[in-house]
Amino acid sequence: MKKSLFADSSLLLVTLIWGMTFVLVQNAIDKLEPFSFNGVRFLIAALLLGLWLILFERKQLAFFNKKMLFSGILMGFWLFLGYATQTIGLLYTTSSKAGFITGLSVLLVPLFSFLLMKQSPSRNAVLGVIIATVGLFLLTMTDITGLNFGDSMVFICAIAFAMHIIITGKFSEKYPSLLLTIIQISTVALFSIISSFLFEDWKRAFEPAIMESGDVLTALVVTSVFATAIAFFAQTNFQRYTTPTRVALIFAMEPVFAAITGYVWAHEHLSNSALIGCILIFAGMVFAELPAGKIPFLTKKGAIEGKI
């Protein structure tokens with residue numbers, strides 16, 4: 001199996017994990033506020049990966065330097081900014097609009113890649129991005145109202161997640177994945193804890209009745225281990241073998257997996273437009289994976305024949 005195909009398959013599994021844990025996180029933050037939850041979640045993940053580093057991968061410490069520290073902090077900053085602005089935005093806008101606007105990162109990644117990295121996406125990727133964006137609209141936009149402050153916050157979130165994908169692709173090629181991941185998620189944990197002290201009732205994180213409740217404890221264990229430690233290590237490790245645009249298309253599957261999980265676990269209703277949206281997002285991802293020669297109208301010959 002090609003490294004790029006294995007990398008994309010691994011990132012799709014990461015996206016599946018994120019989508020499946022969406023319901024768990026929603027239930028948990030009803031009891032423990034978002035910054036507090038993320039602070040604990042990312043701190044546990046950093047400690048787990050740090051322990052693994054000390055026990056089995058101590059040799060990676062030899063690569064630690066100021067440039068690597070800065071790279072990890074920069075990755076963590078964009079990741080935290082994405083989580084923070086999305087959380088603030090959800091206070092003022094609907095979850096459906098937030099889902100669509102966040103998903104616009106699938107458009108922003110190829111644009112930023114071209115502007116910042118001088119990387120031009122393939123024709124397949126462009127087609128995949130367009131199809132996936134239409135699918136995101138059908139899946140998430142159950143209501144269409146005027147833009148508000150919350151929408152602007154979520155758009156900043158989309159920018160932040162797009163930048164995180166691009167920055168991860170740049171730095172993952174230069175440094176050991178495990179050590180870089182630890183620096184990144186430690187940064188998110190630190191910023192989240194500081195935000196909790198500034199904007200939330202942080203004392204709730206020390207209340208046994210809250211921390212030991214089934215919803216919070218289950219969500220923390222599952223997200224810390226699978227959706228944070230393993231997921232972000234996998235992204236940092238495998239993104240070097242693929243392109244930022246393909247990563248963005250793969251991550252666009254998260255609301256699809258979330259919708260399927262909500263349907264199965266929470267018995268949420270899926271409209272016909274949402275089902276079509278799921279299919280289009282999946283189709284967009286598949287188009288980006290196919291060689292150009294497999295899509296006749298994207299080849300030079302097919303383009304010429306189409307004009308006749």
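Some observations on this one:
- The set of residues in the stretch 69-126 being in contact with an Asp or Glu (Cβ under 8 Å, 6 or more places away or on another chain), in a helix (DSSP H, G or I) and β-branched (Val, Ile, Thr) consists of 101 alone.
- Within the stretch 133-190, the set of residues being part of a loop (DSSP other than H, G, I, E, B) and touching a residue at least 60 places away in the same chain (Cβ under 8 Å) comprises 142, 172, 173, 174, 175, 176.
- Residues of the stretch 254-283 classified as outside any helix (DSSP H, G or I) and not charged (D, E, K, R), total: 5
- Tally, over the stretch 191-203, of residues that are outside any helix (DSSP H, G or I) and either of a type in the set (A, V, I, L, M, F, W, C) or surrounded by fewer than 17 Cβ atoms within 10 Å (Cβ to Cβ) (or both): 1
- Enumeration of residues in the stretch 254-272 that are hydroxyl-bearing (Ser, Thr, Tyr), surrounded by fewer than 18 Cβ atoms within 10 Å (Cβ to Cβ) and in contact (Cβ under 8 Å) with a residue 60 or more places away in the chain: 271
- Output for the stretch 23-55, where each listed residue is more than 15 Å from residue 189 (Cβ to Cβ), modelled with pLDDT under 95 and assigned to a helix (DSSP H, G or I): 23, 24, 25, 26, 27, 28
- Test: residue 249 is more than 19 Å from residue 12 (Cβ to Cβ) and among the hydrophobic types (A, V, I, L, M, F, W, C): no
- Complete set of residues in the stretch 204-253 that are surrounded by fewer than 22 Cβ atoms within 10 Å (Cβ to Cβ), among the charged types (D, E, K, R) and either part of a helix (DSSP H, G or I) or touching a residue at least 24 places away in the same chain (Cβ under 8 Å) (or both): 204, 215, 240
- Subset of the stretch 103-151 (residues that are among the small types (Gly, Ala, Ser), more than 16 Å from residue 242 (Cβ to Cβ) and surrounded by fewer than 16 Cβ atoms within 10 Å (Cβ to Cβ)): 146
- If you go through the stretch 230-285 and keep only what is within 15 Å of the chain's Cα centre (by Cα), within 30 Å of residue 57 (Cα to Cα) and of a type outside the set (S, T, N, Q), you end up with 230, 231, 232, 233, 234, 238, 244, 246, 247, 248, 250, 251.
- Residue tally, condition within 14 Å of the chain's Cα centre (by Cα), among the aliphatic types (A, V, I, L, M) and closer than 20 Å to residue 37 by Cβ, over the stretch 66-95: 3
The values are calculated or read from the model by the stated rules, or taken from the named source; none is laboratory data. Given the structure is predicted, the values throughout are model-derived calculations rather than measurements. Cβ sites come from the backbone with ideal geometry, for glycine too, and all protein chains shown count toward neighbours.
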